[in-house]
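Working notes for the structure below.
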């Protein structure tokens, strides 16, 4: 008897619950679950990889020796999963492999002769590292530049893994960390080649260090691209700080790159707007400035580099100060150059109009070049132009072009366009006949308005949003034309204004726009399935999508100027939380009352005193989602002097949970912004008691870090507030 994927997942859930309930069964359960990894069903594979992540990354396995044994047993499964083209599975595999690599590498270092284990670990490492320059698990496109900006999240995860491999496969020392007798010891609580005997038969020093150098060179290639991929550059530089501290042998390579890197020499990508390119330059300059400040302050720079790097840092500081004084989007930068486009501007495989012009058009369909009449060019010149163009074009590009045209041709043959039938105009439309049919006793009523389609509703919402943001950009909140209202209309306008809002202020547009999103389009119509679980009706889903259009517009408006619009975002999120809480609370009360009425009817005694209606905890998923997006957008770009703004946001958010507070952890891990992270946690512990336990949990995790300053600061706060 074969089981469906849902039935198998249900059985796996039962096994997982058993392992969580009885820790002694955990190893046996995990080994049994590994047998399901090779299942062809992606649902089962995803469940298995999530369980492995919970086991290793989230430390569900208490016993260390069991964890090492299970890590070794999981190697084959991870190698298999690392080659499955599924984005979620692959990202989980990278996270798990970072933990597995540490455990198994140490095991092999302490137990020479484990050839099969070492071979499997090497296979897993190579499987992941070799995918860094590709877009796995996504398919490669025909355009190398486009691929640079795809799948960034996965590449950042791979950067973390590659940095771990570099750290483990090379010797560690600390710059200026010599002991009194002149010997140099590796940093405490770390593992590297220093901990491996030089006579080890499998972990050979020369091979390990050669691989580490090659991986470092591969990561440095990120900076040699002629376009700016800001998230990848930021992640790589942050890890380079740790590498420079532990691996002085690589300092020269990294500093040579830093010296030569200049955002002004980079091209604007064809997949970036001008505004996106300017922001990318700004934030990459900022991360380089922070990086230089940190390594110079902590004496990580050799003396022969200090002068040039000080000059570079001063140059970046001046550039940053100049940008702060002006609006980055208004500044005209004539030196910005766009990268030569290597792809096709019109790669669609379906044509709108059935003609040869659209069949063969691969450039911009609106380009004036398409209207050029080639018949006016002499045939011998035209032939020479075609031959020259074919010689210059790459084989891959010509093949891709022919593939697109072939697909268009096939689509046109199999599915020809339907001609639209035009109605004949009425010929008997004569205004002179109107008088004959006139009847003064007839009451004329207008026909009911036609229902708008969902697409039309979205278009109207877009117009409303644009009009509100025009008000936002007007310093007075109202246009000059509206101020010149005649005396005849003044009384009516005043009454209408009172109906809508008592007095129009500069930020009144935000009140109306947020309430339109949170209250105006919220539907209370619910459908109940057989299990009595409320599901959203189609109209409710459509309204929520339109509400999200408004939320996205407000969110994007905030991103344009985070520092000066923090009040706006606080007001919006407070309205979002309040409206959602009241709405969901009302639904819970109604549902509880209905259940209570049913119980009373079913009871033999009709007259019985029943306890008051109790409702469960009211969830606010929409607020949680957008509050998380706000934090995710702010945290990567916070500077050390932004701590007041960030703490202000944390203090005024109406609700915080473990997921939202957990985002602060990344600030603590950043050597430059560590103070913001710990100040924020300290503030929440002192002034927001509901999240105190969550903050202490984060501090406990940080107290186990291998970074000395991070560990000491976490332990100090734990000792002060854990009582």
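Bear in mind that the values in this text are calculations on the coordinates, not laboratory data. Everything numeric here is computed off the predicted structure, so don't read it as measured data. In this analysis, Cβ positions are derived from the backbone assuming ideal geometry, glycine residues included, and neighbour counts consider all displayed protein chains.
Once you compute Rg and the Kirkwood Rh from C-alpha atoms, what is the Rg to Rh ratio for segment 237-395? Could you put the intermediate results ahead of the total?
Details: Rg = 24.1 Å, Rh = 20.4 Å.
Radius of gyration over Kirkwood radius for segment 237-395 works out to 1.18.
Each peptide in 280-289, 80-89 receives the mean, over its residues, of other Cβ atoms within 10 Å, and ordering these scores from highest gives 280-289, 80-89.
Which percent of the Cα-Cα distances in segment 145-323 go past 21 Å?
On the way: 8628 of 15931 pairs.
Result: 54 percent of Cα pairs exceed 21 Å.
Taking only the C-alpha atoms of segment 226-281, the Rg (one decimal) and the largest Cα-Cα distance, Dmax (whole number), read 13.4, 40 Å.
Using equal-weight Cα scatterers in the Debye expression, the normalised intensity of segment 1-130 in log10 at q = 0.21 Å⁻¹ is -1.28.
Quick check: from the Cα gyration tensor, does segment 356-414 come out rounded (a/c under 1.5), prolate or oblate? Before the final figure, lay out each step's value.
Working: a/c = 1.94, a/b = 1.26, b/c = 1.53.
Oblate, since a/c reaches 1.5 and b/c is not below a/b.
When only C-alpha pairs under 8 Å and at least 6 residues apart count, what is the relative contact order of segment 638-723, in percent? Mind dumping the intermediate values first?
On the way: 75 pairs, mean separation 21.1, N = 86.
Reported as a whole number, the value is 24 percent.
Could you tell me how far the Cα centroid of segment 293-322 sits from the Cα centroid of segment 645-685, in Å? The distance from the Cα centre of segment 645-685 to that of segment 293-322 comes to 28 Å.
Divided by 2.2 N^0.38 Å, where N counts the residues, the Cα radius of gyration of segment 638-723 comes to 0.99.
Each residue in 515, 673 was given a count of other beta-carbon atoms within 10 angstrom of its own, and listing them fewest first yields 515, 673. Please report the spacing between the Cα centers of segment 544-602 and segment 1-66 in Å, no decimals. Cα centres, segment 544-602 to segment 1-66: 36 Å.
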